[in-house]
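Chemist: Next up is a structure, given as structure tokens.
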Amino acid sequence: MNYDQAVSYIHETKKYGSKLGLTNISKLLELLGNPQDYLSFVHVAGTNGKGSVCAYIATTLVKAGYKTGLFISPYIEKFTERIQIDFNNMKEEHLVDVVLRVKHCVNLMLINKMNHPTEFEINTAIAMTYFHEQHCDIVVLETGLGGRFDSTNVIKKNEVSIITALGFDHVAVLGNSIDKIAFEKAGIIKDNCPVVIYGRNNLMAIEVIKHVAVIKKAKVTLSNYKLVNNLNGNEDGYTFDYKHISNLSIGLRGIHQVDNAITALEALFILQKKGYSINTAHIIKGFKNTKWPGRLEVLSKTPYIMCDGAHNPQAANALKEYFDKFHHGKKIIFLMGVMSNKEYDQMAAILVKDAKGVICVQVDNERALPKEQLAKTCKKYCHNVLVSDTIASGMDTAVKMWNKQDVICSFGSLYLIADVKKYVREKLNNAV
């Protein structure tokens, strides 16, 4: 088996769907020697902001000298982005080695008449095995879907649980009310393990999470935006004070990143109390150096091109707020592609009504919404809606439409970003 074959084996397991539950992943990890039991974790669930919160914490832990594993989803351009140590992607040869062993264990499960593990369960098993064998000091672990029955929830030694901003996403699986969604996310809370909650969540959601925490005897901390002082920002980031940390600088764009940052800060304060050697200098350096691809990321200045992973109404509102504040008066050209199970009508209503143009494309994914259907929806809100057969041709159209007072922005799915980045690298000379 080579690297390409290993990745193909993983992706082929998509046909087994997405099944929430811990029976299969527990058996698979048991056959692998339960590597997760030898690791310590920061476990992160939520609808929006999970990746950014993970990035702030992981960067700070690396700056503090800890060998830090990071498990995220989905990846942008290369599968091994999902499994990182100190922000270095898993090496290809290590992936091949671990996949061979995982495949052997999957075959043993099938011989014993068990269900075939899903793609995410296999990814989780690969990550746990790799992090254990590489002797990680701590792993920052992002859930895939929900929390209670997410395959990452097999872990035992959790230092702190984090629940980020909640909204309506995956409602067919998690429930169609915010209290049901909050209950599923709160499933990552462990007995006597502290939990940090994004403080501007819906009050009902916070009460649901607190109720679970009381049952689990888990101390609750809420991030508190009212304690943010001396806030200054521009289109490239913010500086602010929070509690005893002064002049904190972040380079992730959008005011919502301040909320993500203080949520991460509260988790880091808990790690400090637990004895982790993290000081203020580590935090300041970590936050200043935090990068997170595909989130209001500027790819080119001439033409001005951004990409964002916004794929639900809450994220669309954050994107609109950013444009209203820092690109007020400019015309936005959107490249939009979405999954069929997303609230794309609401997203279009929020973002495209004042756009210079919307170019609808179809993401390379079996769940992608047909571009013609997306265009029909967007035409309800914008007079200039076009359809392109490929992402590259859509970008060509956007670049031809652009002038010096415009911004081109792709949004709607993280699955768009790789092709947009490839276009900028290969066709433009002004990539950032």
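No value in this document is a laboratory result; all are computed from the given coordinates. The shown structure was predicted, so the numbers you read here are calculated from the model rather than taken from an experiment. Positions of Cβ are backbone-derived with ideal geometry, glycine not excepted, and every protein chain shown enters the neighbour counts.
Chemist: With the cut-off at 20 Å, report for the range 247-391 the share of all Cα pairs above it, as a whole percent.
Modeler: So the portion of pairs separated by more than 20 Å is 55 percent.
Chemist: Only one of the listed values, (i) 4, 21, 30, 25, 14, 5, 1; (ii) 4, 21, 31, 28, 14, 2, 0; (iii) 4, 18, 27, 25, 17, 7, 1, 0, was derived from the coordinates as P(r) over Cα pairs in 10 Å bins from 0, in percent; which label is it?
Modeler: Correct label, based on the coordinates given: (ii).
Chemist: What order, most packed first, do the peptides 347-357, 143-153, 202-212 have when packing is the mean number of other Cβ atoms within 10 Å of each residue?
Modeler: 143-153, 347-357, 202-212
Chemist: Rounded to whole Hz and in sequence order, give me ³J(HN,Hα) for the range 262-279 from the Karplus expression 6.51 cos²θ - 1.76 cosθ + 1.60, θ = phi - 60°, writing x for Gly and Pro.
Modeler: Karplus values, whole Hz, x for Gly and Pro: 6, 5, 5, 4, 4, 5, 5, 4, 5, 4, 4, 5, 7, x, 5, 7, 10, 10.
Chemist: Going by amide H atoms built from the backbone, whose H comes under 5 Å of the H on MET339, apart from near neighbours?
Modeler: LEU369
Chemist: Based on the mean of other beta carbon atoms within 10 Å per residue, what is the order of 257-268, 370-381, 328-339, most packed first?
Modeler: Highest mean packing first, the order is 257-268, 328-339, 370-381.
Chemist: Using only alpha carbon pairs under 8 Å that are at least six residues apart, calculate the relative contact order of the range 279-432 and give it in whole percent.
Modeler: 31 percent
Chemist: Please report the net charge: other residues with Cβ closer than 13 Å to the Cβ of GLY254, K and R +1, D and E -1.
Modeler: -3
Chemist: Let me ask you something else. Which of the three applies to the range 178-273, rounded, prolate or oblate, going by the alpha-carbon gyration tensor with a ≥ b ≥ c and a/c under 1.5 meaning rounded?
Modeler: Cα axes put the range 178-273 in the prolate bin.
Chemist: Sticking with the crude label model, points 7 Å out along Cα→Cβ, report the distance from LYS91 to LEU108 in nm, one decimal please.
Modeler: 2.6 nm
Chemist: Only helical DSSP H runs with n ≥ 4 go in: add -39500 (n - 2.57) per run for the chain, normalise by residue count and round the 222 nm mean residue ellipticity to 500 deg cm²/dmol.
Modeler: Helices in the chain give a 222 nm mean residue ellipticity of -12500 deg cm²/dmol.
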